[in-house]
Amino acid sequence: MTIQTHSPADPFEQGNMVYIRPLEDDEIETILPPNVLEELDASEPLFAVHNAQGDRIAIVEGRDAAFAAARANSLEPTSLH
């Protein structure tokens with residue numbers, strides 16, 4: 001499952017470097033609506049994809065999937081801890 005949120009300006013046009021970071025459980029609960037939380041696979045951690053300006057542009061289940069999604073959109077992912 002990939003959940004994308006976009007700022008008014010298309011974040012994919014703001015450069016090709018993106019940062020991938022894990023989401024904490026308490027953070028997830030403040031971001032996602034309850035109906036989406038119910039559908040999540042608890043065995044797969046969620047990762048946020050942020051553009052160079054720090055805007056969250058996607059939430060992806062699994063680190064490998066987050067990197068693959070970024071590369072599939074011609075973006076250059078890097079880990080952010």
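The values are calculated or read from the model by the stated rules, or taken from the named source; none is laboratory data. This structure is a prediction, so every number in the text was calculated from the model and none was measured. Cβ: placed from backbone, ideal geometry, glycine included. Neighbour counts: every protein chain shown. Only protein heavy atoms, including side chains, enter the accessible area calculation; ligands, DNA and RNA are left aside. Shrake-Rupley method; radii C 1.70, N 1.55, O 1.52, S 1.80 Å.
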Pop the C-beta distance of Glu24 and Gln53 into the FRET formula with R0 = 25 Å and round what comes out to the nearest 0.05.
-> 0.70
Surface accessible to a 1.4 Å probe, per residue, for the residues of region 29-81, Å² = 59 Å²
Would you kindly find the accessible area of Arg63, with a 1.4 Å probe and non-protein molecules such as ligands, DNA and RNA excluded, rounding to the nearest 10 Å²?
-> 110 Å²
Could you check how much of the accessible area of region 34-78 is carbon and sulfur, as a whole percent, using a 1.4 Å probe?
-> 45 percent
Taking the Cα-to-Cβ direction at Ser43 and at Asn16 and moving 7 Å from each Cα, how far apart do the two end points lie in nm?
-> 3.6 nm
What residues qualify as long-range amide H neighbours of Ala58, i.e. H under 5 Å apart, gap of 5 or more or another chain, H built at 1.01 Å from N?
-> Thr5, Val49
Of Asp41, Asp55, Asp64, which has the most accessible area and how do the rest follow, probe 1.4 Å?
-> Asp64, Asp41, Asp55
Förster radius 41 Å - calculated FRET efficiency between Asn35 and Thr78 (Cβ-Cβ, nearest 0.05) | 0.80
Leaving out ligands, DNA and RNA but keeping every protein chain, what accessible area does Glu29 have, in Å² rounded to the nearest 10, with a 1.4 Å probe?
-> 130 Å²
